[in-house]
Ligand code: HEM
Ligand SMILES: [Cu+2]
């Protein structure tokens, strides 16, 4: 890193070049801490934009029959506000904190894949910018953050806003998944000696749960986005009921992603609270194992409850009961955590500073959001209240009352580590009270508005009794939050310059990030303290009452696995969900094929069967190549790898042959639902094979140059995992589409 030399530069004469080098230093950095800060800064920027959009909406809604904004503008604002807050604020700010703190908290020097990390950030950054370019086209997305069809289909949204929305989200999705794979591999493989998985700080544990959710839930969104884009651009009809498609399918796929997304946003918040509360109660967390295990339960249950967002569809009694019961069950692990946090505070030696203020407010407000969530699990109540302001109140209690308050708490807690200076407590408490009062003013009254029947997503309302007053209160509260935010920004600006010097560990805190300087050097640590318990820094500073003397935690087994292979497995888990959902769409659309023009009868099963054998044998030749590499038989290795590539290419030629035949018979992707699903599934598979072939060619070049040695075969093994996966997907595709196994 060149930071050192830049800081020595003579600013008076070299002002602009120094700034330029500095900027370049940031843009090209691979340091996880800098990338973390870039994520956080970008999120703060979009928080400003999303908050401004919210303020405009609240101005419009402050009075009945107001005409400050028209309906078209209002639709764009709530869509962009929701999308921005979820994808451009919530997710990146958490990725930012994870980037900065996970390696520090586990005693690592960096993340597992620094280059992938930088790639993930920049692709997110461009996705976010692209989404906002839609404003320049004169029509921002306006179909709501869940972008329901048919509203978002070409027929009803003919302008480009929705296309920007889809492509922006696809790019950010790629960024999120690559970031998640990175954090996953980091936590699994780079923990300092002695830190078993049962000894990681709870923030790290929650991040592990969160990245698993990202890896497995985002592909559901991606598959839905891909299908919608194909509908819009190529004229297929996945989501067009008038041509046999299904509007409800979008809702299923969106919420298979969307419900876990709620946990993606809140689990790291749980983690932050679980760091802050113990430190400021001067106690270890009460029931670490329960907190950790209950988050596993949340991840598992979180997958089975998506349709509680869809009770109004009319899914039928049994489906409703299933999803209602699942949703109620989630209350149990969540309740356990609230109990643990409370018990940690109970009888503690409380240091009631700004950070803890935010944490305690989090507890109270999150419970309110949780309770209204339980209300929605009761189907009749949902039918009554869905699409009213009660929903708006509910999810803002979770997202602001929960997530944003946890973020503020974490900001006051970790700012000293990140900058070396303390934030000002008086300004901190001022911000706190502005936010608590403002937030509850804005959103508490919306429960009542909802029960009085005020629908959400309306740009104005009639002067019904009480509505004007409650909406006025809500809008005034938003002003409090806006001022509170300015106080925070002021606090940060002032403290960066003149804040009290923090020192390494101003809170006498417990976890490894406090064992290095503030801010930490590029390499994070000079030496990592010995880890014999969950609170290594406490043990170091208080040897007389070290944790390991009284509490035994499982020893570290020290087996950390092969990094590229771990990443490859995480990646294919994500890809598997993507293909699974495309195949489900195929099965859904092709079991009732009575009115279809084209059916799978047009496929040449025998010929494709033969080409499939080529692909499958390529897995065998790959396996053989791997053996040769291990034995150091370079030439035999090159030959069998070359053969693998050849077999892959032959398979691709077979697919091209098949496509040409269909196209010559005028069967294209928009002919009917069979052709749409067929081309989508096999097309995506073909793209994957092509990517695999390219990766194999790179390996072969390395092999021919003699630089792929047995010792450096990790990456090769990872490519192998991917290649076998692509073959397995094809076996499923062949069975389902060509042999009609599920029909
Ligand atoms: C900071 C103060 C905030 C205010 C004053 C505010 C206000 C609003 C308003 C007025 C709406 C439109 C309601 C409607 O017409 O149905 C809305 C929708 C929404 N907000 Fe916020 N919001 C704030 C923060 C947040 C945050 C932090 C998040 C998420 C992390 C968030 C997520 C959403 C979502 C997902 C929607 C739904 C958009 C849609 O209906 O498509 N908001 N908010
Ligand atoms: Cu949900």
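General remarks:
Results for (1) outside any loop (DSSP other than H, G, I, E, B); (2) away from ligand 2 (no atom under 16 Å from the Cβ); (3) in the same structural domain as residue 215 (by TED's automatic domain parsing), shown as yes or no for each residue.
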| site | (1), (2), (3) |
| --- | --- |
| 67 | no, yes, yes |
| 78 | yes, yes, yes |
| 82 | yes, no, yes |
| 91 | yes, yes, yes |
| 95 | yes, yes, yes |
| 98 | yes, yes, yes |
| 104 | yes, yes, yes |
| 132 | yes, yes, yes |
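- Filter pass, residue 550 being more than 23 Å from residue 208 (Cβ to Cβ), without any contact (Cβ under 8 Å) to a residue 60 or more places away in the chain and surrounded by fewer than 17 Cβ atoms within 10 Å (Cβ to Cβ): yes
- Residue within region 347-369 that is away from ligand 2 (no atom under 15 Å from the Cβ) and either closer than 30 Å to residue 248 by Cα or not assigned by TED's automatic domain parsing to the domain that holds residue 269 (or both) present: no
- Listed by position, the helices (runs of 4 or more DSSP H) enclosed by region 321-407 that each have at least 2 residues that are within 16 Å of ligand 1 (Cβ to nearest atom) are 354-377, 389-396.
- Number of residues in region 419-431 that are surrounded by fewer than 21 Cβ atoms within 10 Å (Cβ to Cβ) and assigned to a helix (DSSP H, G or I) equals 6.
- Across region 287-304, a minimum of one residue is classified as more than 27 Å from the chain's Cα centre (by Cα), in the same structural domain as residue 212 (by TED's automatic domain parsing) and within 30 Å of residue 512 (Cα to Cα).
One line per residue, one yes/no per condition, for (1) within 16 Å of ligand 2 (Cβ to nearest atom); (2) in contact with a helix residue (DSSP H, G or I) (Cβ under 7 Å, 6 or more places away or on another chain); (3) modelled with pLDDT of 95 or more:
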residue	(1), (2), (3)
232	no, yes, yes
244	no, yes, no
249	no, yes, yes
257	yes, yes, yes
267	yes, yes, yes
273	no, yes, yes
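- Between 434, 476, the distinction of being closer than 25 Å to residue 352 by Cβ and in a helix (DSSP H, G or I) belongs to 434 only.
- Residue 147 at pLDDT 95 or above, assigned to a loop (DSSP other than H, G, I, E, B), surrounded by 20 or more Cβ atoms within 10 Å (Cβ to Cβ) and within 15 Å of ligand 1 (Cβ to nearest atom): yes
- Of 372, 388, all but one fail to be in contact with a helix residue (DSSP H, G or I) (Cβ under 6 Å, 6 or more places away or on another chain) and under 19 Å from residue 326 (Cα atoms); the exception is 372.
- Whether a residue is crowded, with 22+ Cβ neighbours inside 10 Å and under 30 Å from residue 449 (Cα atoms) was assessed, and residue 93 does not pass this test.
- Search result, residues across region 702-734 that are at pLDDT 95 or above and surrounded by fewer than 14 Cβ atoms within 10 Å (Cβ to Cβ): 731
- Subset of region 301-312 that is touching a helix residue (DSSP H, G or I) at 6+ places or on another chain (Cβ under 6 Å) and touching a residue at least 40 places away in the same chain (Cβ under 8 Å) - its residue that is surrounded by the most Cβ atoms within 10 Å (Cβ to Cβ): 302
- Output for region 377-396, where each listed residue is buried (at least 23 other Cβ atoms within 10 Å of the Cβ) and within 14 Å of ligand 2 (Cβ to nearest atom): 394
- Looking across region 451-470, just one residue is within 10 Å of ligand 1 (Cβ to nearest atom) and not in a loop (DSSP other than H, G, I, E, B), and that is 455.
The values are calculated or read from the model by the stated rules, or taken from the named source; none is laboratory data. Note that the structure is predicted; figures quoted are calculated from it, not measured. Cβ: placed from backbone, ideal geometry, glycine included. Neighbour counts: every protein chain shown.
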